[in-house]
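Note sheet for the following structure.
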Amino acid sequence: MTDTAAASTSTAPVSAVPARWNDYIALLKPRVMSLVVFTALTGLVCARASMNPTLALVAVLCIAVGAGASGSLNMWYDADIDGLMRRTRGRPIPMGRVQSADALGLGVTLSLFSVMLMGMAANWLAAGLLAFTILFYAVVYTMWLKRWTPQNIVIGGAAGALPPVIGWAAATGTMPLNAWLLFAIIFLWTPPHSWALALYTTGDYAKAGVPMMPVAKGAASTRKQILLYSLVFTPVAIAPAFTGLGGPLYLTVSAAGGALFLLLAWRVFRSRAGDDVNGAEKGLYGVKAGSKDARNLFAFSILYLTLLFASLLVERAIGLEPLDVAGMIGR
Amino acid sequence: MKQPNAFNESDEAAKARRKRSLALGIGLAVFVVIIFVVTLVKLQGHVLDQHF
């Protein structure tokens, strides 16, 4: 922990507001957990394995709890910079409602429980992947990359991209290429998504000394990289339709959404989003002049990823078979 | 502010602590039940796999 964090926690007075049970729930980042559960469930369902429903439910629960544990460890370590940013200063530790040591204890305990239970309920490959994901997010991303390099969310994005692979491994005990394709989709989606947000919250990150891309390399470079990553991301997002993973619904959604994603990324590239770093900020997610395009991309990126994974789930639910591209070529 | 209790904490803090303890207890109970159910499901699978 940094000196600032140590000072802020060791000398922090006992809060006038006692910790409530839901403060501990907040430490688990429930919104992140819900996205993790959604993508992990997609991986598990796409594996097309006959897994006992109870064990499948427990496996998804383990992934959710593991994600929550990562969130708690992240809030423990980042308490100092969380207190400096408007987006995060309302969190339980900066607000003084929860002691940072409690967040550490909760994170470690839940990590151990979730990994152990995953090993029992599913298999030890999935448990190992879950342990790796928690460690990668808490140690590699939070403690190292986040404060050190503007590539923090690029490399750190691997932690957020692993849940579908864990879900797949839980169902089958294997990690085939299609599982890693789901990983690649989230991994390549993360930079344009996170940097679009960073373009209009640059001041917050700069204040906290976090070297997000717009802070470290400037807005113009970030806009260019958003476009480049989008050019790579969209074909990869469509790829499952040709690898025996997605069907006609997936192909339609991924192609139409991908085209819109590229259009929005192009608009961000042509805009002045992020240039107005010193301009008057209009609330937490207030949009500075020229940043509307970045906000549009950020919002659509969430919708697009959700639709991609939802189409895979819907196809499985209604029994829509994946496209047989090899067969089509053969004919 | 009301009188502090035996733990030198306010009524509000004591109430919050009781709720936290209750949540922790429920969490642990749920964990035990999950372990029990997982064990049963695993055992059932292995028993059904036996060929006599």
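Please treat every number below as a calculation from the coordinates, not as lab data. In this text, all values refer to a predicted model and were calculated from it rather than measured experimentally. Neighbour counts are summed over all protein chains in view; Cβ atoms, including those assigned to glycine, are modelled from backbone coordinates with ideal geometry.
Got a sec? Charge dipole of the protein assembly as shown, +1 on Cβ for Lys and Arg, -1 for Asp and Glu; which of A:Trp144, A:Leu263, A:Asn74 is way out at the positive end?
A:Leu263
For region A:70-206, what relative contact order do you get, as a whole percent, if you take Cα pairs closer than 8 Å and at least 6 residues apart?
22 percent
Which links in A:Lys207/A:Lys292; A:Lys29/B:Lys19; A:Lys29/B:Lys42 stretch past 27 Å when you go from one Cα to the other?
A:Lys29/B:Lys42
Under a point-charge model restricted to the Cβ atoms of Lys and Arg (+1) and Asp and Glu (-1), what is the dipole moment magnitude of region A:177-331 relative to its Cα centre, in debye to the nearest 20?
So the magnitude is around 480 debye.
Counting only C-alpha contacts under 8 Å and six or more residues apart, can you give the relative contact order of chain A as a whole percent? Mind showing how you got there, number by number?
Numbers: 524 pairs, mean separation 57.9, N = 331.
Relative contact order, chain A: 18 percent.
Add +1 for every Lys or Arg and -1 for every Asp or Glu among the other residues with Cβ under 14 Å from the Cβ of A:Arg97, and state the total. Walk me through the numbers on the way to the answer.
Numbers: positive: A:Arg20, A:Arg89, A:Arg91, B:Arg17, B:Lys19, B:Arg20; negative: A:Asp23, A:Asp82, A:Asp102, B:Glu12.
Within the 14 Å Cβ shell, the charges total +2.
Return the loop-located chymotrypsin sites (Phe, Trp or Tyr not before Pro) in region A:123-221 (DSSP other than H, G, I, E, B) with at most 11 other Cβ atoms within 10 Å of their own Cβ; answer none if there are none.
Passing sites in region A:123-221 are A:Trp148.
About the Cα centre, and with charges only on the beta carbon of Lys, Arg (+1) and Asp, Glu (-1), how big is the dipole of region A:16-175? Nearest 20 debye, please.
380 debye
Per residue of A:50-61, what is the mean number of Cβ atoms on other protein chains within 10 angstrom of that residue's Cβ?
That works out to 2 on average.
For chain A, modelled as a Gaussian network with Cα springs under 10 Å, which listed residue fluctuates most, A:Pro235, A:Pro94, A:Pro18?
Per the Cα network of chain A with a 10 Å cutoff, A:Pro18 tops the list.
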